[in-house]
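Trainee: Let me give you the structure first, and then I'll get to my questions.
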Number of protein chains: 2
Amino acid sequence: MTSRDGYQWTDASGLIRGVPSIGVIEPASNVNDQDQHYDVIVVGGGYCGLTATRDLALSGLRVCLLEGRDRIGGRSWSTNIGGYPFEMGGTWVSWGQPHVWREISRYDMRDQLECSYDFSQGVNHFSLGSEGGRRTMSHDEADRLITGATLKFVNVDGEYGKTIMPQPHHEFFNPAVKRYDKPSVADRIEQIKDDLSPDEMTALQAFVLLSSCAKPEESSFYEFLHWWALCNHDYAYCIEYLIKYKFRGGQSSFAIKFFEEALSTNRFSYALNSPVAKISDRDSHVEVSTRSGQKYKASRVVSTIPLNVLNDISFDPPLALGKQDAARVGHVNMCAKVHAECRNPELRSWVGVRYPDNKLMYAIADGTTPAGNTHIVAFGANHNPLKPEQDIEQTKRAVTGLVPAQIERLVFHNWVDDEFAKGAWFYPAPGLVTERLDDLRRRQGNILFANSDWAVGWRSFIDGAIEEGARAAKGVLDDLRKNSVQPKSSRL
Amino acid sequence: MTSRDGYQWTDASGLIRGVPSIGVIEPASNVNDQDQHYDVIVVGGGYCGLTATRDLALSGLRVCLLEGRDRIGGRSWSTNIGGYPFEMGGTWVSWGQPHVWREISRYDMRDQLECSYDFSQGVNHFSLGSEGGRRTMSHDEADRLITGATLKFVNVDGEYGKTIMPQPHHEFFNPAVKRYDKPSVADRIEQIKDDLSPDEMTALQAFVLLSSCAKPEESSFYEFLHWWALCNHDYAYCIEYLIKYKFRGGQSSFAIKFFEEALSTNRFSYALNSPVAKISDRDSHVEVSTRSGQKYKASRVVSTIPLNVLNDISFDPPLALGKQDAARVGHVNMCAKVHAECRNPELRSWVGVRYPDNKLMYAIADGTTPAGNTHIVAFGANHNPLKPEQDIEQTKRAVTGLVPAQIERLVFHNWVDDEFAKGAWFYPAPGLVTERLDDLRRRQGNILFANSDWAVGWRSFIDGAIEEGARAAKGVLDDLRKNSVQPKSSRL
């Protein structure tokens, strides 16, 4: 099945919109009674919505999932082209991420992971490019370079962040940490710049911006400290947890498990291609209207609409001001993620950085395709914006600006112009998290709001999406049970 | 409510059997229709059984939990005496343990953890006792000592175990690792003994036996490698994940959440004080008989009976030979865990080891009681067995053999003589895991077997119990759904 989402390019085919994915659902809807009153409507079929949907359907509730796209997975989905999976969005998972690992374990997929990097063959080095030129070093040397620079960056407490944020899943355990949500990444770099070598400066900026994919001056320093704490205050775990293990079959092979389990309950309705326009809370029930005018009714709604598009939905009564304001500010991650399949098998062990004078700043060799080509995945940030589909030649130059390569295929998803995301994974500007996290997490009447964008643990990650989906499902269950005058007996 | 389990002693009261716990359930049963045919009977109310019970009841099934004790929690439960929680069994949790953390997150208990140690005051050192005498060192020095010795112990691959077991939740990823299930801990120490200083030898043995609480010659070397991999192949994470964070309100404050959530479904029956004698699989259903002759019927049974007591239940048809054999071999952990409340506030920052000439080999100061006393928790292993209730003076000497202290109170649970456990947390002799893990995990007819003793991730831990409970619940759900001719509509 081919999704409308994503792009692929080869010299022979030119640019094609849409790529195949097992996350595309056919038929696109199984709703047969438009007047059905559901227990819960879940808006949005990313991991957060899928988790909420599955938990609620498993728990005996009649659930309807509404999704604007033709596929599930939200900001995490995979395509398979030429027998090889390309990850269009969120990719890596780890047993250091508890919520996603619980699901991998429960779906018995522990043995379906593979390692992105393979530092064993061919061009087995790290290249560092800056305005001063390009040089190569061993992976160990690169690790030492980035580790050293990052330790200076995070060392606000003389303990490399360990005392200022000792419990990453309880981020404000030490409330003094909030002060670090004032400075931006640029502010923090300014503080330590005299202590950084030119190479450290380049490597640090590229590495830190790999978390925000925004300009340094608009990226919260605090949020990086949170990522750092989640990664055990250790660069080795930044690699281990953030960019090492991916699904052999692609993310969509995981997402479909949630969907199929929900389906197996026979209590689960869904309608894809159904972008929601309005959510009206009538006290006794909630009415959800799609852009095409379909109306759905339920006792509760779980909105998993991401921050950057939350104000695109009309709420009646309106969203609380704190939510409106947070959504107006939005998050700043405008990542361009580009896959390049290259006729350069020798590049399998390459990693590289180039900052700031290139439209892709960080890339790793991520696999070998069945055709024997090297798959390189590259990330660009908003300091040097790239919209790959608008200029394929420019996109190819952005790849070859990192490493000389013969590009045979490009695959990508433009998240910035994606109407249902308007950005990639959540990364806040200074102030947003400390000022608005509680607002974003707060329920409003019969509507619960859940999204990885305001998770408290692995915020921005698939793990955070699952954390939030489980929270919303439990919230609905506890609430409906409390209000259920006469709980009915229940069966599968 | 006071449980029959556990013991407490003070000079004034003498030895008293039973301690109070919020894990004691009153009334002890809510079964009112003895002829009810349940969807599922769960045998055993530890975390594994509680997780299975909750997941199944949430999923719309009629579940009956049978538990032999007067309390929930199995090998993990807490008492509160004098306003202070004492952990009678499994204690520590971490966000590095994905299954338990998912539950802590879901029950919104992330902020209810506290750190066991506090290296800031008074007698702030580590004491190392051996037949050669007793000396003290700083905690940093002790860390270096144990780290150095442990690295030699685990370094079977020149990479400190990282290549032989890179994925701890997929333990046989590198099948070559199985060879390390032949040697015992004693065998491995014999291999490296010329490379260990006398202090390293003492500290290493005490530390490694803290995982098995058995004799070195009966403890599997492989299993320690698995623990090591789970702890990121790093001694710092052995501390971080295994012995750092505990619940401020005690384990029973966590266990009760599962029970209460199951109860809230109104589909959940339970009978405590109901030790199971026999489980008969009649193909069409399963009949479970208690020692007192009560019979319960269900479509499926989840047995969470621990390995060391599995052969104490009569199964009809009999257990598969692989299970019988594994249960006959059993696991070897015969831990004596003793809490001592000491009129020595200055000991709050003390940690100590003494091996082998003391009946408690490893202890840490674990808190300060409301009375201002230091709470010390001490562990003994089977190389020098201790049955605390049989000789209180001997038990006190075992504590003061570690550190001079004025003992005001003792609290403990004798797991070795506990008829429903016959041992503490799972630790295998050589060969058991590689030979019998698959047998133990295998379903038999309408009976599913789940226990932390045969988890694949954090086996032996609360995390593994939850992993297994979730696996069993999903197994039952998938199975009943598959066999359900006519799934019924369902409500809360």
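What follows is calculated from the coordinates using simple rules that are stated; it is not laboratory data. What you see is a predicted model; the values in this text were computed from it and never measured. Cβ placement follows ideal geometry from the backbone for every residue including glycine, while neighbour counts extend to all protein chains displayed.
Trainee: Rank the residues A:Ile72, B:Ile192, B:Ile164 as a footprinting-exposure proxy: fewest other Cβ atoms within 10 Å of their Cβ go first.
Mentor: Least to most surrounded, the residues fall as B:Ile192, B:Ile164, A:Ile72.
Trainee: Expressed as a rounded percentage, what relative contact order does chain A have, with Cα pairs under 8 Å and six or more residues apart?
Mentor: RCO, chain A: 24 percent.
Trainee: Would you list which lysines come within 16 Å of A:Lys162, measuring only between C-alpha atoms, while excluding same-chain residues fewer than 8 positions from it?
Mentor: Result set, ordered by chain and number: A:Lys152, A:Lys178, B:Lys244.
Trainee: What net charge is computed for the residues neighbouring A:Asp439, neighbours being all others with C-beta under 13 Å from the C-beta of A:Asp439, Lys and Arg scored +1, Asp and Glu -1?
Mentor: Result for the local shell: +2.
Trainee: Where does each of B:Phe173, B:Phe420, A:Phe221, B:Phe461 land when they are ranked from fewest to most other beta-carbon atoms within 10 angstrom?
Mentor: The fewest-first ordering by Cβ neighbours comes to B:Phe173, B:Phe420, A:Phe221, B:Phe461.
Trainee: To continue, here is another question. About the Cα centre of chain A, what is the dipole size in debye to 20, counting +1 per Lys and Arg Cβ and -1 per Asp and Glu Cβ, all else neutral?
Mentor: With only Lys, Arg, Asp and Glu charged at Cβ, the dipole is about 1100 debye.
Trainee: Which value, in debye to the nearest 20, describes the size of the charge dipole of segment A:9-140 about its Cα centre when Lys and Arg Cβ atoms bear +1, Asp and Glu Cβ atoms bear -1, and nothing else is charged?
Mentor: Roughly 240 debye for segment A:9-140.
Trainee: Nearest 20 debye, what's the magnitude of the dipole of segment A:275-406 about its Cα centre given +1 on Lys and Arg Cβ and -1 on Asp and Glu Cβ?
Mentor: 140
Trainee: Looking only at other chains, what is the average number of their beta-carbon atoms within 10 angstrom of each beta-carbon in B:100-107?
Mentor: 6
Trainee: I've got another one for you. What are the semi-axes of the equivalent ellipsoid for segment B:255-359, taken as the square roots of 5 times the Cα gyration tensor eigenvalues, largest first, in whole Å?
Mentor: 39, 23, 11
Trainee: Using DSSP to define loop residues, name the GluC sites (Glu not before Pro) in segment B:381-436 whose beta-carbon has at most 12 other beta-carbon atoms within 10 Å.
Mentor: When the GluC sites (Glu not before Pro) of segment B:381-436 are filtered for loop state and at most 12 Cβ neighbours within 10 Å, B:Glu419 remain.
Trainee: Next question. How far, in nm to one decimal, is A:Arg135 from itself in the other copies if the label point is set 7 angstrom along Cα toward Cβ? Shortest first, please.
Mentor: 4.7
Trainee: When Rg is the radius of gyration of the Cα atoms in segment B:238-293 and Rh is its Kirkwood radius, what does Rg/Rh come to?
Mentor: 1.18
Trainee: May I pose another question? Got a sec to turn the phi values of segment B:107-121 into Karplus ³J(HN,Hα) couplings, 6.51 cos²θ - 1.76 cosθ + 1.60 with θ = phi - 60°, whole Hz, x for Gly and Pro?
Mentor: 8, 6, 10, 4, 9, 10, 9, 9, 8, 5, 9, 8, 8, 9, 8
Trainee: Next up: So what's the net charge close to B:Val154: Lys and Arg +1, Asp and Glu -1, counting the other residues with Cβ under 11 Å from its Cβ?
Mentor: For residues surrounding B:Val154, the net value is 0.
Trainee: Binning at 5 angstrom from zero up to the longest distance, how are the C-alpha pair distances of segment A:362-415 distributed in percent?
Mentor: For segment A:362-415, the binned pair fractions read 4, 17, 32, 27, 14, 5, 1 percent.
Trainee: Name the lysines eligible as straight-distance cross-link partners of A:Lys278: C-alpha to C-alpha under 23 Å, and not fewer than 8 places from it in the same chain.
Mentor: Within reach: A:Lys295, A:Lys297, A:Lys323, A:Lys422.
Trainee: From the residues B:Pro198, B:Pro175, B:Met165, which one has its Cα farthest along the dipole of segment B:161-208 in the positive direction, the dipole being from +1 and -1 charges on Cβ of Lys/Arg and Asp/Glu about the Cα centre?
Mentor: The listed residue farthest towards the positive side: B:Pro175.
Trainee: Here's another thing I want to ask about it. Label-to-label distances across copies for A:Asp11, with labels 7 Å out along Cα→Cβ, in nm, shortest first?
Mentor: From this label point to the equivalent ones elsewhere in the assembly: 9.1 nm.
Trainee: So what is the diffusion coefficient of segment A:425-484 in µm² per second by Stokes-Einstein at 37 °C and 0.692 mPa s, using a Kirkwood Rh over Cα pairs?
Mentor: 270
Trainee: Note down the relative contact order for segment A:178-303 as a percent, whole number, built from C-alpha pairs under 8 angstrom at least six residues apart.
Mentor: 15
Trainee: Once amide H atoms are placed 1.01 Å from N in the peptide plane, what residues at a sequence separation of 5 or more from A:Ser184, or on another chain, have their amide H within under 5 Å of its amide H?
Mentor: Under 5 Å from the amide H of A:Ser184: A:Phe221.
Trainee: Further, regarding this structure: In bins 20 Å wide, starting from 0, what share of all Cα pairs of chain A does each bin hold, as a percent?
Mentor: 24, 57, 18, 1
Trainee: Work out how far the C-alpha atoms of segment B:321-466 reach from end to end along every principal axis, then list the three figures in whole Å, largest first.
Mentor: Extents along the principal axes: 56, 29, 24 Å.
Trainee: Specify the inter-centroid distance of segment B:73-152 and segment B:362-399, based on alpha-carbon positions, in whole Å.
Mentor: 14
Trainee: Can you work out the Karplus-derived ³J(HN,Hα) for every residue in segment A:402-417? Use 6.51 cos²θ - 1.76 cosθ + 1.60 with θ = phi - 60°, whole Hz, and x for glycine or proline.
Mentor: Along segment A:402-417, the couplings run 8, 7, x, 7, 9, 7, 9, 8, 10, 9, 6, 10, 7, 6, 5, 9 Hz.
Trainee: In nm, what does the list of distances from A:Met201 to its counterparts in the other copies look like, shortest first, when each label sits 7 Å along Cα to Cβ?
Mentor: 5.7
Trainee: Could you work out the percent of alpha carbon pairs in segment B:171-242 separated by over 15 Å, rounded to a whole number?
Mentor: Counting every Cα pair in segment B:171-242, those more than 15 Å apart make up 57 percent.
Trainee: In Å, the Kirkwood hydrodynamic radius of the protein assembly as shown over pairs of distinct alpha carbons?
Mentor: For the protein assembly as shown, the Kirkwood estimate is 29.6 Å.
Trainee: Using amide H atoms built in the peptide plane, which far-off residues or other-chain residues are under 5 Å from A:Val302 H to H?
Mentor: A:Ile41, A:Val42, A:Val43, A:Leu448
Trainee: Related question: What's the Kirkwood radius of segment B:101-157 in Å, using all Cα pairs?
Mentor: One decimal place: 14.8 Å for the Kirkwood radius.
Trainee: Something else now. Bins of 5 Å, beginning at zero and ending with the bin holding the largest distance: percent of Cα pairs per bin for segment A:286-342, please.
Mentor: 4, 14, 20, 19, 14, 10, 8, 5, 3, 2, 0
Trainee: I need the Debye-formula profile for segment A:1-138: one equal scatterer per C-alpha, no solvent, reported as log10 I(q)/I(0) at q = 0.12, 0.20 1/Å, two decimals.
Mentor: Evaluating at q = 0.12, 0.20 Å⁻¹ gives log10 I(q)/I(0) of -0.72, -1.30.
Trainee: When we measure straight from the Cα of A:Lys396, which lysines land under 18 angstrom away, once same-chain ones fewer than 8 places off are left out?
Mentor: Result set, ordered by chain and number: A:Lys337, A:Lys359, A:Lys387.
Trainee: What span do the alpha-carbon atoms of segment A:94-236 cover on each of the three principal axes, reported in whole Å from largest to smallest?
Mentor: For segment A:94-236, the Cα spread along each principal axis is 49, 48, 26 Å.
Trainee: Can you tally the net charge around A:Tyr241? Count Lys and Arg as +1, Asp and Glu as -1, for every other residue whose Cβ sits under 13 Å from the Cβ of A:Tyr241.
Mentor: Within the 13 Å Cβ shell, the charges total -1.
Trainee: Also, quick follow-up: Sort B:Cys64, B:Cys231, B:Cys238 so the one with the fewest other Cβ atoms within 10 Å of its own Cβ comes first.
Mentor: B:Cys231, B:Cys238, B:Cys64
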